[in-house]
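Peer 1: Please see the structure below; I have some questions.
Derivation of every value follows stated rules applied to the coordinates shown; laboratory data play no part. Worth saying up front: this structure is predicted, and the values here are computed from it rather than measured. A quick note on method: Cβ atoms are made from the backbone with ideal geometry, for glycine too, and the neighbour counts reach across all protein chains shown.
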Amino acid sequence: MKNEQTDILKTAISRLLLWYPENKKDLPWRRALSPYAVWISESMLQQTRTSAVIPYYERFMTALPKLSDLAAVEDDALMKLWQGLGYYSRARNLKKTAQIIQKDYGGVWPRTAKELEKLPGIGAYTAGAVASIAFGEPSPAVDGNVLRVISRLLTIPDDILAPQTKKYVTDLLCEIYPTGDGASLLTQAWMELGENVCIPNGAAHCEDCPLADICMAKAGGIVELFPYRSPKKPRKIRELTVFLLECDGKFAIRKREEAGLLSGLYEFPNTDGKLSAAEAKAYLENLETSPLSLKPIGNATHLFTHVEWHMTGYFVTLKSQDKYRFATKEEIQKNYAVPSAFRFFETYILQNET
Ligand code: SF4
């Protein structure tokens, strides 16, 4: 079985090495293929679609074109560049890693996946991507795209999200991965195929696939059964009440705790629970933030990996700016990294005259 799978993968690799140069999309990070470019783009591409990443990547590379720029950037400026991509610990880890490479490695990148994995925020996938794409090391970068393609190609019956499935696929690839330019091209080819041909949602474009005649799922007419996933646990629900506290055309904003979800970013004041208008007014009065007026502005939901926030919003006019940091809507937009969980509320103040 394993030998048969290895033979199919070897054929797939030789096909992909010919297919990719002819079919690759022109993406900004593919123009240089420096370790910095690969690392930044792969960090942004985790959990975010390519088309959405492009403007973030271009903005980031214009502001911080070199590793040394990233190592020296102010935290708030970094968060602003990352705002909207989510998973903000990634941005913090980018800066930590840049500082370590500058200080401990004399500004010279480690070249192997094993060394790269020792750096903050660099997991097996990103280490493999940087080592293979930028340095031609035979280190596969196995993410959801690669797992999906290979699970269809070989009809792997195991849960695609299980660590042992990932290890099994990684081990298969490690035995036969090319080196040099081949490693660089192959890692990019898996990504390209997974993103544009053997796609995650909707029907795979088997008619455009260079692996169609060797694909076991295609041969069996069972593409839609792969990748296999065990049923998911439902997310926890957290109810929150969010306040847009306005005073003299400015809005209250505060920094979140330095640890935990969305740490160090800015938010609109909020509290646990779904408060009615009367409860919200009483809550604010308890904080000695007596509202002049309070009106409901609707509800918003934000999905994180393991939790859903269900938010109830109120627009509140205050008499004074004693209790919070206040900023105009332009200042909030320009200077404060407000995570997309609060986008509904940020959009509300941007779109409504105060
Ligand atoms: S033939 Fe279809 S299912 Fe198989 S790898 Fe290609 S796109 Fe995916």
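Peer 1: Only residues that are in contact with a Lys or Arg (Cβ under 7 Å, 6 or more places away or on another chain) and of a type in the set (S, T, N, Q): list them for segment 294-320, please.
Peer 2: Listed by number, the list holds a single entry, Thr312.
Peer 1: It is to be established whether one or more residues within segment 153-164 are in a helix (DSSP H, G or I) and among the charged types (D, E, K, R).
Peer 2: Within segment 153-164 (the criterion being in a helix (DSSP H, G or I) and among the charged types (D, E, K, R)), the answer is no, since none of the residues qualifies.
Peer 1: Grab the strands (runs of 3 or more DSSP E) fully contained in segment 262-354, keeping just those with 3 or more residues being out of contact with any Asp or Glu (no Cβ under 6 Å at 6 or more places or on another chain) and either within 19 Å of Lys250 (Cα to Cα) or among the hydroxyl-bearing types (Ser, Thr, Tyr) (or both).
Peer 2: Details: elements: 270-272, 291-303, 307-318, 325-327.
It comes to 291-303, 307-318, 325-327.
Peer 1: Regarding segment 151-173, can at least one residue be identified that is within 12 Å of the ligand (Cβ to nearest atom) and under 25 Å from the mean Cα position of the chain (by Cα)?
Peer 2: The answer is yes; a qualifying residue exists.
Peer 1: Quick one: Pro234 ticks every box in (1) closer than 24 Å to His306 by Cα; (2) outside any loop (DSSP other than H, G, I, E, B) except a single one, so which number is it?
Peer 2: (2)
Peer 1: Kindly indicate whether Leu70 is surrounded by 15 or more Cβ atoms within 10 Å (Cβ to Cβ) and more than 13 Å from the chain's Cα centre (by Cα).
Peer 2: On the way: surrounded by 15 or more Cβ atoms within 10 Å (Cβ to Cβ): yes; more than 13 Å from the chain's Cα centre (by Cα): yes.
Answer is yes for this residue.
Peer 1: Still on this structure: Inspect all residues belonging to segment 77-99 and state whether any of them is in contact with a strand residue (DSSP E or B) (Cβ under 9 Å, 6 or more places away or on another chain), outside any loop (DSSP other than H, G, I, E, B) and more than 30 Å from Asp213 (Cβ to Cβ).
Peer 2: Yes, some residue in segment 77-99 is in contact with a strand residue (DSSP E or B) (Cβ under 9 Å, 6 or more places away or on another chain), outside any loop (DSSP other than H, G, I, E, B) and more than 30 Å from Asp213 (Cβ to Cβ).
Peer 1: Another question, then. If I go through segment 181-222 residue by residue, how many of them are surrounded by fewer than 18 Cβ atoms within 10 Å (Cβ to Cβ) and near the ligand (Cβ under 7 Å from one of its atoms)?
Peer 2: Residues that pass the stated criteria total 3.
Peer 1: Then there's this: Out of all the residues in segment 49-66, is one or more among the polar types (S, T, N, Q), loosely packed, with under 14 Cβ neighbours inside 10 Å and over 19 Å from the mean Cα position of the chain (by Cα)?
Peer 2: Yes, there is a match, as at least one residue in segment 49-66 is among the polar types (S, T, N, Q), loosely packed, with under 14 Cβ neighbours inside 10 Å and over 19 Å from the mean Cα position of the chain (by Cα).
Peer 1: Could you check Leu262 against (1) touching a Gly at 6+ places or on another chain (Cβ under 9 Å); (2) on the phi < 0 side of the Ramachandran plot and say which number it fails?
Peer 2: Tallying (1) touching a Gly at 6+ places or on another chain (Cβ under 9 Å); (2) on the phi < 0 side of the Ramachandran plot, Leu262 fails exactly one: (2).
Peer 1: What pairs can you find where one residue is in segment 176-197 and part of a loop (DSSP other than H, G, I, E, B), the other is within 16 Å of the ligand (Cβ to nearest atom) and among the charged types (D, E, K, R), and their Cβ atoms are less than 7 Å apart, with a gap of 6+ or different chains?
Peer 2: From residues that are part of a loop (DSSP other than H, G, I, E, B), the pairs are Val197/Asp208.
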